[in-house]
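Student: Questions regarding the structure given below will be posed in turn.
Every number in this text was worked out from the coordinates using simple rules, so none of it is lab data. Owing to the predicted nature of the structure, the values given are computational and were not obtained by experimental measurement. For neighbour counting, all protein chains shown are included, and Cβ atoms are generated from backbone atoms with ideal geometry for every residue, glycine included.
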Amino acid sequence: MSTEERYPPGPRGLPVVGNTVDLSRDVFAFFEGLREEYGRVASYQVFGTDACMVAHPDAIQRVLLDEHEAFEKGEVLRRNLADAMGEGLFVTGGDQWRNQRTQVQPAFYRDRLNTYVPAMRATAEGTVEQWRDGMVVDVNDRMTATSMDVLGRTLFGVDVTENPVVSEASDAILARFDTSRFWSFLPDRLPTPTNRRYRRELGELRTFVDELAHQRREQQPENRGDDLLSILVEFVDASDLTREEFRDNMVTFLFAGHETTGLGLTYTLLCLAQHPDEQAELRAEVDSVREGPVTADDLPELERMENAIDEALRLYPPVYMFFREATRDVELQGYDVPAGTTLVLPQWAVHRDPMWWDDPEAFRPDRFAGNTDRPEYAYFPFGGGPRHCIGMRFARMEMKTVLATILGEYTFELASDPDPDLIASTNLKPGEAIEIELHERDDTDEATL
Ligand code: HEM
């Protein structure tokens, strides 16, 4: 084959816009269609940029793990996120990234994470205390607020419910990068309403995080604790982190950690509301494991719950695709991919590929029980390799704690569309409210005795 023939196959798009129209109409169908028609490594074009979908687990593993040094986050991402978090962990590369990852890692060690569980539980209890028998709850709304609250309390020592600036800024940033809207392709500098709001809120958020750092410095060292905020402040004071790196990391963690986890919880509740038997099994597991409110020691024993969360994240991965850029010519699954090509790794299409998943549309947590012969990268809701999600364990602990708290108090059934519209926004968001109707448990006393 000539080099031309070894370029990944793909649809011929329109001049200039390429496949942008199809892509923005339905991202999910686009990638699944590409996979079916052209295979698991396939090419397409967006606004004149050559892009390549990488949807084969072996190729994904090479990009994220085996040859990760040949793939960067890429120019588009760097440019788009430069203002908000260009100097933070999510965007930086090379030694700067390695340095930051090593610095913040201690906030995510298992022992440290265990100490966050009481705050996670208290937050979940605060949410559930507002609920009543027979009430219908908008799950995404409640779970997003809960995970924002958890993040604030555990990593930064702030009560975000008293500081609306954080959630307002976060909404504005997420709206700015809402890839389902055409304006996310427009330059930041254009004075569109979304951009203006974004700039204003980002400015306020920066003032707020600087103020947090200031307050932390005012505290006696022995009272400062060792949460993420203290770790970052210490590195700034030791001149191992610049002020820009500090701010951008504060924004990064607020941005990367809350909507994703809120969505993970939302979709797990959606699945459990539709599968009362599975819900009952999980409730029984929670009751058998805990003595009173759930603790850090209980969480590893909630294996069935872990499988249910994994399965919900398979069907509804909050991060449904992400990008890399090849820094040199590479070969993937027998195709030549030239340096500079934008690679898309679509969890959505891989997690629902019948090649690796029997009856892929079905919610079957047992798939994750025991060993399987599935390739490892057929499932990657948290990415993979050295740049895998640093908050993965944090998110899993939070999801288990919140679910255990809810299951301890209520049974619930779905009160909205069982197949809700989904929006390919910055994250995979429901396009309509996902609602559950609550029924207070009448067997709780027996169960907790
Ligand atoms: C269900 C919840 C979550 C999901 C599905 C998720 C997903 C991901 C994915 C797919 C990546 C890799 C992106 C890439 O390689 O380009 C990532 C990276 C990252 N995540 Fe998460 N995440 C979640 C929760 C969290 C939480 C709770 C935090 C922080 C408290 C967090 C912080 C980060 C950061 C800082 C990175 C960049 C890491 C690096 O490049 O070194 N995430 N996440």
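Student: Among 358, 66, 373, which one moves the most in a GNM of the chain with springs linking Cα atoms closer than 10 Å?
Tutor: 373
Student: For region 75-129 and region 28-50, write down the distance between their C-alpha centroids in whole Å.
Tutor: If you average the Cα positions of each part, the centres end up 31 Å apart.
Student: Before rounding to the nearest 500, sum -39500 (n - 2.57) across all DSSP H runs of length at least 4 in the chain and divide by the residue total; then give [θ] at 222 nm in deg cm²/dmol.
Tutor: Theoretical 222 nm ellipticity from helices: -15000 deg cm²/dmol.
Student: Over the Cα atoms of the chain, what is the Rg over Rh ratio if Rh follows Kirkwood?
Tutor: Ratio of gyration radius to Kirkwood radius for the chain: 0.96.
Student: What's the ranking of 256-264, 290-298 by average number of surrounding C-beta atoms within 10 Å, highest first?
Tutor: Top to bottom by mean Cβ count within 10 Å: 256-264, 290-298.
Student: So which GluC sites (Glu not before Pro) in region 317-380 are both in a DSSP loop and have at most 13 other Cβ atoms within 10 Å of their Cβ?
Tutor: 361
Student: Relative contact order, percent, of the chain when contacts are C-alpha pairs under 8 Å separated by at least 6 residues?
Tutor: Rounded, it is 25 percent for the chain.
Student: Which order do the peptides 116-122, 266-272, 94-100 come out in when sorted by mean C-beta neighbours inside 10 angstrom, highest first?
Tutor: Final packing ranking: 266-272, 116-122, 94-100.
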